[in-house]
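Below: one structure, written as structure tokens.
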């Protein structure tokens, strides 16, 4: 079983690949810096806290947003645009879209969570709030140093095209199961051409991390997430590279059609870091499918963390708990080629379906 805390978690990591990417990104100019934060209550409540934000409904925003001491960096209930911004320092969320139309592009979001990071289930860089009908595209951003999740789009009326983002988890950690990109509870998204790395959990409590997660169904307390295309993404060193987890009230795969698709993704894991996702042992998979009528096609899945021969909770493609999948034309290999060796630097039969640890 894969651990469940709240409908909104997953994993992270950092290594040489992240330092190189960060060095390149540091050359991108930002706008004028914004003065130190005044943390203003938003009316958005989590954990019985009226969360504060450094900026509320700023319209178009760029430049440095230092949210140190605030719960949220930038909070939107009105339409806005985040472009060429550097948002950092908040402990709950970097950017929250609560029911507006907001585009987030060409920005960095980092250092979102407690200091030091811990296992409390918050710390999400970009968040489309559950049940709020948040809309807007999320593209070409660089996201790292998050406690719980990189990008989370939740709810049946939420929508986003999530494309060309780099999302770097903390690597193998024992205190929280991070997720890189999550679309949940009926959200309408397409997830394409992102690079997601280092979401890996080594701790207890029946949990694994996900690189890209689609989640929903009564088991998790929301609608299934359906008709979503996860295409041409790169995943490195995540416990589960692409994870479709739509479970019914009994926490078994839903019987109604979900038709999610994983196409053309390159997923590499050169290590076995997870320890309890399968109960007494690890759970890792290049693609894990729990749904009905999903398609897994033309993916490249390599490394000893996703072995060609399914064994002891380790899979290249796990369809042991799903309904009517289509699996074809995937490439599975025991070792990644030299060009993808940087994945190293990112840091028994199961009863029923493995369960993800999503963000609400």
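Every read-out reported here was derived from the displayed coordinates using simple, explicitly stated rules and does not represent laboratory data. On a predicted model such as this, the values are computed, not experimentally measured, just so you know. Note: ideal-geometry Cβ built from the backbone for every residue, glycine included; neighbour counts use all protein chains shown.
Brief remarks on what is shown
- With Cα atoms defining each centre, region 304-318 and region 211-277 are spaced 15 Å apart in the structure.
- Residue order, fewest to most beta carbons within 10 Å, for 148, 115, 101: 115, 101, 148
- Cβ-based exposure ranking for 328, 135, in which fewest neighbours within 10 Å come first: 328, 135
- Calculated SAXS-style log₁₀ I(q)/I(0) at q = 0.16, 0.31 Å⁻¹ - region 235-289, Debye, Cα scatterers: -0.59, -1.18
- Tail weight of P(r) past 30 Å, computed on alpha-carbon pairs of region 16-345, percent: 29 percent
- Straightening the chain between residue 295 and residue 114 buys 61.3 nm, computed as 0.36 nm per residue apart minus the Cα-Cα spacing.
- Global geometry of region 141-231, whether rounded, prolate or oblate, following the gyration tensor of its Cα atoms and the 1.5 cut on a/c: oblate
- DSSP bridge analysis restricted to region 226-313 gives an antiparallel fraction near 5%, rounded to the nearest 5.
- Inter-label distance, residue 161 to residue 331: 2.7 nm, where each label sits 7 Å from its Cα along the C-beta direction.
- Judged by the ratio a/c of the largest to the smallest principal axis of the C-alpha gyration tensor, region 203-249 counts as oblate, that ratio being 1.5 or greater while a/b is no larger than b/c.
- Most tightly packed first, judged by the mean number of other beta-carbon atoms within 10 Å of their residues, the peptides 76-87, 230-241 read 230-241, 76-87.
- Rounded if a/c under 1.5, otherwise prolate or oblate - region 208-313, Cα gyration tensor axes: oblate
- The stretch between residue 78 and residue 50, if pulled fully straight at 0.36 nm per residue, gains 8.2 nm over its current Cα-Cα span.
- Each principal axis of region 47-129 carries a Cα extent, and these read 32, 24, 17 Å when sorted largest first.
- Contour excess over end-to-end distance, with Cα ends at residue 140 and residue 205 and 0.36 nm allotted per residue: 20.0 nm
- A crude spin-label estimate for the pair residue 312 and residue 39, with each label 7 Å from Cα along the Cβ direction, gives 4.6 nm.
- Among 45, 104, 268, sorting on how many other beta-carbon atoms sit within 10 Å of each Cβ, with the fewest leading, yields 45, 268, 104.
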